[in-house]
Amino acid sequence: MLGGHALWSQALAAEAARTYSPTFLTADEYRFLDAACERILPDDHNGPGAHKLGVAEFIDRQLQTPYGHGDNWYMSGPFVEGPANLGYQLPFVPRDLYRKGITAADAYSKQQHGKLFADLPTDAQDAILTALEGGSVKLGEIPGRVFFEQLRTNTLEGAFADPIYGGNRGMGGWLMVGFPGARADFMDWVNQDGAAYPIGPVSISGETA
């Protein structure tokens, strides 16, 4: 049986090649996002990476929704730094967190390497993301760890959400992990001792792979 990467590459390369013009992020902000997401979920033997899956498109589109505006978030103060179990403690909704975080991350990249993040070699990009994850870099008003966790979470969401939301192009994320998607019934393949699901996934819109 072909692996998820081979299935996706043979059947869905055209979908991955389509272009997208961001509606919230600027061109440079979008370049940062696309590059950073790709380092978090890179293209390899397991399957397509964030770039081919359209993860940056997914995030840009989400930032235009009520989620991006934080409509369902409790945003009243006081805002104080505290342990992680207290939850999110910043006065920024997702769209503001991304705008401020990306601007500061690119400024840090230029300070350290003389180039924007998207223009760095992958090893330098990895070093910056590792520093953010570890909390050794603060992006202005935003702790690096908070920005990284937002980016990592949304990267995975974009890779494995239904394609109707802009990511998981061609259902490449689902093919990679053998997920059946929005099929109404797949109980015949439950508890099969790890046997691969034999039928390709289907999306909410009825797209199949």
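The values are calculated or read from the model by the stated rules, or taken from the named source; none is laboratory data. Quantities reported herein were computed from a predicted structural model and do not represent experimental measurements. FYI the Cβ positions are ideal-geometry reconstructions off the backbone, even for glycines, and counts take in every protein chain you see. Please note that ligands, DNA and RNA were not included when accessible areas were found on the heavy atoms of the full protein model with its side chains. Shrake-Rupley method; radii C 1.70, N 1.55, O 1.52, S 1.80 Å.
Things to note:
- For the chain, with all protein chains in place and a probe radius of 1.4 Å, 54% of the accessible heavy-atom surface sits on carbon or sulfur.
- Which labelled figure in [x] 32, 20, 16; [y] 33, 17, 16; [z] 38, 20, 14 is semi-axes √(5λ) of the Cα gyration tensor in Å, once derived from the coordinates: [x]
- Heavy-atom SASA rank of K138, K100 (probe 1.4 Å, accessible area, largest first): K138, K100
- Residue-count net charge about T65 - beta-carbon cut-off 11 Å; Lys, Arg +1, Asp, Glu -1: 0
- Only protein heavy atoms count here; under a 1.4 Å probe, V80 has an accessible surface of about 80 Å².
- Extension gain (nm, one decimal) between K115 and R183, 0.36 nm per residue minus Cα-Cα: 19.9 nm
- Note on R99 and N46: with the Förster distance fixed at 35 Å, the Cβ-Cβ geometry gives a FRET efficiency of about 0.65.
- Per-residue SASA entry for W189, accessible area with 1.4 Å probe, Å² rounded to 10: 100
- Here the Karplus relation 6.51 cos²θ - 1.76 cosθ + 1.60, evaluated at θ = phi - 60°, turns the backbone of region 107-120 into coupling constants of 5, 5, 4, 5, 5, 7, 10, x, 9, 5, 3, 5, 9, 7 Hz, with x for every Gly and Pro.
- Heavy-atom surface of the chain, accessible at 1.4 Å and reported per residue (Å²): 52
- Among 58-65, 23-30, the order from most to least packed when residues are scored by Cβ within 10 Å on average: 58-65, 23-30
- Karplus-derived 3J(HN,Hα) values for region 126-136, using 6.51 cos²θ - 1.76 cosθ + 1.60 with θ = phi - 60°, are 4, 5, 5, 5, 5, 5, 5, 4, x, x, 7 Hz; glycine and proline are entered as x.
- Accessible-area rank, largest first, for R31, R169: R31, R169, with all protein chains present and a 1.4 angstrom probe.
- Against the chain, whose longest principal axis comes from its Cα atoms, helix 144-160 is set at around 20 degrees.
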